[in-house]
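**Student:** Sharing a structure below in structure tokens format, with a few things to ask.
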Amino acid sequence: MFFKFSVVLFLSISLPVLAKNAPFGVVTKIRGKVSVLKPGLKKADYLRLGDSLKEDTSILTYKNSFVRIQVSGKSSLNIGPNSKVILKNVTNSQSSLLSLLKGQVRANIKNQKSKLKTNLKHKFLIKTKTAAIGVRGTELHSIHNPENNVTSLISYEGDVKIVKLDDDPLVQVIKEEGLKELDSSKMSQGIMKKIDEELDSVKSETVKNGQFSASVPKETKVSQAVKISPIQLAVLYKNKELIVKEKNIAPPEDRVKKIEEKEFLSQAEQKAPLEGFRDKSTGDYAPRSGGFIDLNSGYYIEPNPESSLDADRLLYVAEKIGRIDKTTGQYKAPMGMKLDSVKGFVIDERVKESLDENQLAIITQTQNKLNKNIISKPVKNKIDLNQLPKWAYSSQELLEKNQLIFSFSPRSHRFKTKKHVGKDPVFDLESDSSHRFDLRWTQPSAKNWLMSVALGFQYLKFKSNQAISDIGPRRYHHLSLGALMYLNETWSILPELLLQQRPFLITTNNASAVDRKIVNVTIPSVSVGLKARHFLMNKWGLETMVRPFLNLPKSFSTMRVETSFGIHASVMGQYWHNFNSHFDFGPFLSKEGGKTAGSSYSYTRSEGGIIFSYALIF
């Protein structure tokens, strides 16, 4: 396990650098926002029509988005919503590899002759975490769900091969070739050769037009190919751009009622028994034919045992196991239920409270029955932190958002003077009570920039001192204009201009006595801070910030405050309540030192405390 992890980690870093990045295809159609991470870059960008894509390019689609890529000749790939793929290409073999990490891909691969010789039997390969698919010339639909590790395959036209991968081909190649022989081109060819060999082995399954097969957990082989519901097959085939509905999937008035005979696709005869079977001695198995496929979970829901047989089409009729949307082909669970990728069929909590005992009992009975009809019983995986729900925005995503931040900070304040003229004593003033309030607004600006404006005040009361006639308490106001420059997900630079009132000791000599008091002096400051976002995992994050600052000179009455320097540092924990708000809390420390003319003393000022803040994002 350690060897496998080390090899995969090493290659994930080194191979993209060593690769020659051969061309893979061109974007010919796009819908919605699609992100692309090009080889050698650390920052993703939006994909655009006409973009040329190279080897080792990662593509991420979002809700309702879609992209079509024209590959060699007339072949094309359609990548559906909420999908992530990595494009691979091996120029010398004239074969391509697509790594499907999640979501769905529809491929139309033309079987064109190439002048270049190749030892691979499959022109196009699709690899998921648990399975590999080999294409010679066909139109297919592949689905992979990383939450349950189910990989499903539908063939619309032609023959496709699928095999369950027991070992990662990458690790197999390393074990045979050795790390010393590591070469990007050889490595890619070796991986594809291993996959090609697996697809040509007796463990693989040939899926013909109109048939389905899947790789599921706890099974040693992929399922034998069976026909799916001809109704769902026809609707899915017409939905070439993989349009999905997020709401109102197949309401009763919108479900498929009738399909004309000419709309049905041809379905090859299956070798497996129509009613399904399982052979424990060999590991061979097949579900009952005629079932539905859920495009989200990848599950195949087979017809009930009491379902009727369509003698003309030689498959069972899917009844009372859900319905199909007439425009997208999406599967919808029966009323009162939903299909969860990990738990299987569950009762919909939104309708559970409105059901009486009899209705709840009926739905529970149906739920248990349907879970027996899933090709693989749902198995709860070990927790993968990368698959946990996302609760927070990345640093880059925050560049497009407004934030309104309220801060409160109880603190200590210490002001110490020394080197007075004459016989003046040294004063060491400590706060009796002090707290600060801030309101900051950040808004998007130019690319990789945020602008901010802040205002607030600090309440400060020093401990009494008989030598000082007026010691407060007072409010000290401040106003700032700042910015944030995004460098990467970890680092940001924070320039800021600040006007703030600060307490200073002023001494005046009267005829009868020396008068000392605390006064407010408005000091202009310039600072450039460096902020680091160390981690952001699920709802929790940690940020640190160091901000050196320069106080500019300012005259007040008979005194002049000279230029001074200081530094502010903080460590902030972060908790995201939801996408629209987060809490921040943590300690800070600030220290500065300078001198004055007129009153002729040098000083040091230090503050420390805890910052509590609440941010609204919109």
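**Student:** What number of residues within region 399-426 are modelled with pLDDT of 85 or more and in a loop (DSSP other than H, G, I, E, B)?
**Tutor:** Number satisfying all stated conditions: 2.
**Student:** Would you check which residues across region 549-572 are farther than 27 Å from residue 611 by Cα and either modelled with pLDDT of 90 or more or in a strand (DSSP E or B) (or both) and list them?
**Tutor:** 553, 554, 555, 556, 559, 560, 561, 562, 563
**Student:** Just to check your reading of the model, which residue among 463, 517, 554, 531 is of a type in the set (Lys, Arg) and within 36 Å of the chain's Cα centre (by Cα)?
**Tutor:** 531
**Student:** Please tell me if residue 584 is part of a strand (DSSP E or B), within 35 Å of the chain's Cα centre (by Cα) and acidic (Asp, Glu).
**Tutor:** Values: part of a strand (DSSP E or B): yes; within 35 Å of the chain's Cα centre (by Cα): yes; acidic (Asp, Glu): yes.
Considered against the rule, which asks whether it is part of a strand (DSSP E or B), within 35 Å of the chain's Cα centre (by Cα) and acidic (Asp, Glu), residue 584 comes out as yes.
**Student:** Next up: Would you mention how many residues in region 288-301 are assigned to a loop (DSSP other than H, G, I, E, B), open to solvent by less than 10 Å² (accessible area, probe 1.4 Å) and either farther than 18 Å from residue 81 by Cα or free of Cβ contacts under 8 Å to residues at least 40 places away in the same chain (or both)?
**Tutor:** Counting residues in region 288-301 that are assigned to a loop (DSSP other than H, G, I, E, B), open to solvent by less than 10 Å² (accessible area, probe 1.4 Å) and either farther than 18 Å from residue 81 by Cα or free of Cβ contacts under 8 Å to residues at least 40 places away in the same chain (or both) gives 2.
**Student:** Scan region 462-473 and report the pairs whose first residue is open to solvent by less than 40 Å² (accessible area, probe 1.4 Å) and whose second residue is among the aliphatic types (A, V, I, L, M), with Cβ atoms within less than 6 Å and a gap of 6+ or a chain change.
**Tutor:** Listed pairs, sorted by first residue: 462/429; 462/471; 471/518; 472/518.
**Student:** While we're here: Hey, residue 512 hits all of (1) part of a strand (DSSP E or B); (2) of a type in the set (Ser, Thr, Tyr); (3) modelled with pLDDT under 85 but one; which does it fall short on?
**Tutor:** In the conditions (1) part of a strand (DSSP E or B); (2) of a type in the set (Ser, Thr, Tyr); (3) modelled with pLDDT under 85, residue 512 misses (1) alone.
**Student:** Kindly list the number of the only condition in (1) of a type outside the set (Phe, Trp, Tyr); (2) more than 27 Å from residue 604 (Cβ to Cβ); (3) at pLDDT 90 or above; (4) surrounded by fewer than 16 Cβ atoms within 10 Å (Cβ to Cβ) that fails for residue 430.
**Tutor:** (2)
**Student:** Just to be sure before I move on: is residue 607 buried (at least 19 other Cβ atoms within 10 Å of the Cβ), among the charged types (D, E, K, R), touching a Ser or Thr at 6+ places or on another chain (Cβ under 6 Å) and in contact (Cβ under 8 Å) with a residue 60 or more places away in the chain in the structure I sent?
**Tutor:** On the way: buried (at least 19 other Cβ atoms within 10 Å of the Cβ): yes; among the charged types (D, E, K, R): yes; touching a Ser or Thr at 6+ places or on another chain (Cβ under 6 Å): yes; in contact (Cβ under 8 Å) with a residue 60 or more places away in the chain: yes.
So residue 607 passes the test.
**Student:** Counting only residues that are surrounded by 19 or more Cβ atoms within 10 Å (Cβ to Cβ) and not β-branched (Val, Ile, Thr), how many does region 502-522 have?
**Tutor:** Count: 5.
**Student:** Still on this structure: May I ask you to list the residues in region 474-493 that are open to solvent by 20 Å² or more (accessible area, probe 1.4 Å) and closer than 20 Å to residue 552 by Cα?
**Tutor:** Those that are open to solvent by 20 Å² or more (accessible area, probe 1.4 Å) and closer than 20 Å to residue 552 by Cα: 477, 479, 481.
**Student:** Applying the selection to region 563-604, what residues are free of Cβ contacts under 8 Å to residues at least 40 places away in the same chain, hydroxyl-bearing (Ser, Thr, Tyr) and open to solvent by less than 40 Å² (accessible area, probe 1.4 Å)?
**Tutor:** The answer is 564, 581, 590.
**Student:** Continuing with the same structure: List the residue pairs whose Cβ atoms are under 9 Å apart, where the first residue sits in region 40-63 and is more than 13 Å from residue 84 (Cα to Cα), the second is surrounded by fewer than 11 Cβ atoms within 10 Å (Cβ to Cβ) and hydrophobic (A, V, I, L, M, F, W, C), and the two are 6 or more positions apart or on different chains.
**Tutor:** Listed by first residue and then by second, the contacts come to 40/17.
**Student:** So residue 189 fits all but one of (1) assigned to a loop (DSSP other than H, G, I, E, B); (2) open to solvent by 10 Å² or more (accessible area, probe 1.4 Å); what number is the exception?
**Tutor:** Every condition holds for residue 189 apart from (1).
**Student:** While we're here: Restricting to region 379-398, give me the number of residues that are among the charged types (D, E, K, R) and either open to solvent by less than 40 Å² (accessible area, probe 1.4 Å) or modelled with pLDDT of 50 or more (or both). Reasoning before the result, please.
**Tutor:** Looking only at region 379-398, we keep the residues that are among the charged types (D, E, K, R), and these are 380, 382, 384, 390, 397.
Checking which are either open to solvent by less than 40 Å² (accessible area, probe 1.4 Å) or modelled with pLDDT of 50 or more (or both) leaves us with 390, 397.
Selection size over region 379-398: 2.
**Student:** Could you grab me the full set of residues in region 28-67 that are closer than 23 Å to residue 242 by Cα, open to solvent by less than 80 Å² (accessible area, probe 1.4 Å) and assigned to a loop (DSSP other than H, G, I, E, B)?
**Tutor:** Of everything in region 28-67, those that are closer than 23 Å to residue 242 by Cα, open to solvent by less than 80 Å² (accessible area, probe 1.4 Å) and assigned to a loop (DSSP other than H, G, I, E, B) turn out to be 32, 47, 50, 51, 64, 65.
**Student:** Here's something else I'd like to know. Counting just the residues of region 102-149 that are open to solvent by less than 10 Å² (accessible area, probe 1.4 Å) and assigned to a loop (DSSP other than H, G, I, E, B), which one comes out modelled with the lowest pLDDT?
**Tutor:** Here the residue is 122.
**Student:** Right, here's the next one. Report, ordered by the first and then the second residue, all pairs with beta carbons closer than 7 Å, sequence separation of six or more or different chains, a first member in region 336-356 that is polar (S, T, N, Q), and a second member that is outside any strand (DSSP E or B).
**Tutor:** 341/147; 341/148; 341/296; 341/297
**Student:** Continuing with the same structure: Got a number for residues in region 64-79 being in contact (Cβ under 8 Å) with a residue 60 or more places away in the chain and of a type outside the set (A, V, I, L, M, F, W, C)?
**Tutor:** Adding up the residues that qualify gives 3.
**Student:** Would you mind stating whether residue 84 is modelled with pLDDT of 90 or more and within 21 Å of residue 165 (Cβ to Cβ)?
**Tutor:** Spelling it out, residue 84 is indeed modelled with pLDDT of 90 or more and within 21 Å of residue 165 (Cβ to Cβ).
**Student:** Out of everything in region 350-374 that is surrounded by 12 or more Cβ atoms within 10 Å (Cβ to Cβ) and under 23 Å from residue 285 (Cα atoms), what residue ends up being farthest from the chain's Cα centre (by Cα)?
**Tutor:** Restricting to residues being surrounded by 12 or more Cβ atoms within 10 Å (Cβ to Cβ) and under 23 Å from residue 285 (Cα atoms), the top hit is 369.
The values are calculated or read from the model by the stated rules, or taken from the named source; none is laboratory data. Fair warning: this is a prediction, and the values are worked out from it, not measured in the lab. In this analysis, Cβ positions are derived from the backbone assuming ideal geometry, glycine residues included, and neighbour counts consider all displayed protein chains. Please note that ligands, DNA and RNA were not included when accessible areas were found on the heavy atoms of the full protein model with its side chains. Shrake-Rupley method; radii C 1.70, N 1.55, O 1.52, S 1.80 Å.
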